[in-house]
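Throughout, read-outs are computed from the coordinates displayed, never taken from laboratory work. Please read all numbers here as calculations on a predicted model, not as lab measurements. Note: ideal-geometry Cβ built from the backbone for every residue, glycine included; neighbour counts use all protein chains shown.
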Amino acid sequence: MSSNQLNIIQIVLAIIVIILIILQSNGASLSATFGGAGGGGESFRSRRGLQKFLLYATIIVVILFVSSTIISLILAKGS
């Protein structure tokens, strides 16, 4: 795998992580998602359905991203 392919994979994974994290903001308005005020009285509850899927997908994609970063560092150190 070349360095350019690994860089493209990292960019794609980073974009997917950003999208998954933004989708996880449940019940909050778009302004609250980006740091605005609002949603202070939310209660905690268990994750079900789509929320659970988004959580697990985010964890998997983050692990893939970190792994690709470590591989990229190893390849850069070797050359």
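I need LYS77, LYS52 ordered by Cβ neighbour count within 10 Å, fewest first. Write out the running numbers ahead of the final one.
Working: LYS77 7, LYS52 11.
Final ranking by Cβ density, sparse to dense: LYS77, LYS52.
Would you pull out the residues with amide H under 5 Å of SER25's amide H, same chain only if 5 or more places away, H placed 1.01 Å from N?
Long-range HN contacts for SER25: none found.
Could you derive backbone 3J(HN,Hα) for the range 18-23 from the dihedral phi with the Karplus parameters 6.51, -1.76 and 1.60 (θ = phi - 60°), listing whole Hz in sequence and x where the residue is Gly or Pro?
Coupling constants for the range 18-23: 4, 5, 5, 5, 5, 5 Hz.
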